[in-house]
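Taken together, the values in this text are just the output of simple stated rules run on the coordinates, not laboratory data. None of these values were measured; they are calculated from a predicted model. Cβ: placed from backbone, ideal geometry, glycine included. Neighbour counts: every protein chain shown.
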Amino acid sequence: MATVVTDGTELPVERPELRDLPTSGWPRQRVLLARAIKRRCPECGATGIFKSWFTLRSNCPRCGYEFARETGYFLGSYPLNLIAAEIVPVGLMIALLIWTDLSWIWLEVLLIPVAVALPFLLFPYAQMIWMAIDLYITPVNQR
């Protein structure tokens, strides 16, 4: 881990030479999406960027890339999370209505827990996909 200890606090060290993200085009998009799905640093592919399931570190422990470039940076990930997490239960409901003869009670018993749990399960992936979209559109980290 690249850190400098000053007065008992650890500060991340910027190491841009470790960032191996392709510059443009389909290779860049493919690498960004693969790293987002694997929950890795979008710039260098390092693991360990999450402290817990819901808490993203402020910087990459390997290359020092700053994840939240400004206050409110991840606001765009919330609608992504909500849309993805609610499309699945609606799709399942439509499929179950078409291909089974389950009653509405059983549909509710099956799908309400799915609709409640999916936003929590997809939260870190939504953040990672938001970073991937942002880095694809804006290739240089503008601080």
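Here are the numbers for this structure:
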| item | result |
| --- | --- |
| Kirkwood-based Rg to Rh ratio, the range 33-103, C-alpha trace | 1.18 |
| Separation of the PHE120 and TRP106 label points, Cα + 7 Å toward Cβ, nm | 2.6 |
| Helix 25-37 axis, angle to the chain major axis (alpha carbon atoms, nearest 10°) | 70 |
| Relative contact order [Cα under 8 Å, 6+ residues apart], the range 12-137, whole percent | 31 |
| The range 38-45 - phi-based ³J(HN,Hα) in whole Hz, Karplus 6.51/-1.76/1.60, Gly and Pro as x | 8, 6, 10, 4, x, 8, 10, x |
| Candidates per GluC sites (Glu not before Pro) in the range 34-139, loop by DSSP, up to 10 other Cβ within 10 Å | GLU70 |
| For the chain, Kirkwood radius (reciprocal of mean inverse C-alpha pair distance, Å) | 17.1 |
| For LEU56, distant residues with modelled amide H under 5 Å away | LYS51 |
| Linear extension gain, THR23 paired with ILE83, 0.36 nm per residue minus alpha-carbon span | 18.6 nm |
| Cα-centred dipole magnitude for the range 12-137, charges only on beta-carbon of K, R (+1) and D, E (-1), debye, nearest 20 | 520 |
| Reference-scaled alpha-carbon Rg (2.2 N^0.38 Å with N residues) for the range 14-63 | 1.14 |
| Degrees separating the helix 104-137 axis from the principal Cα axis of the chain, which is the longest one | 20 |
| On Cα atoms only, tilt of 77-99 relative to the major axis of the chain in degrees | 30 |
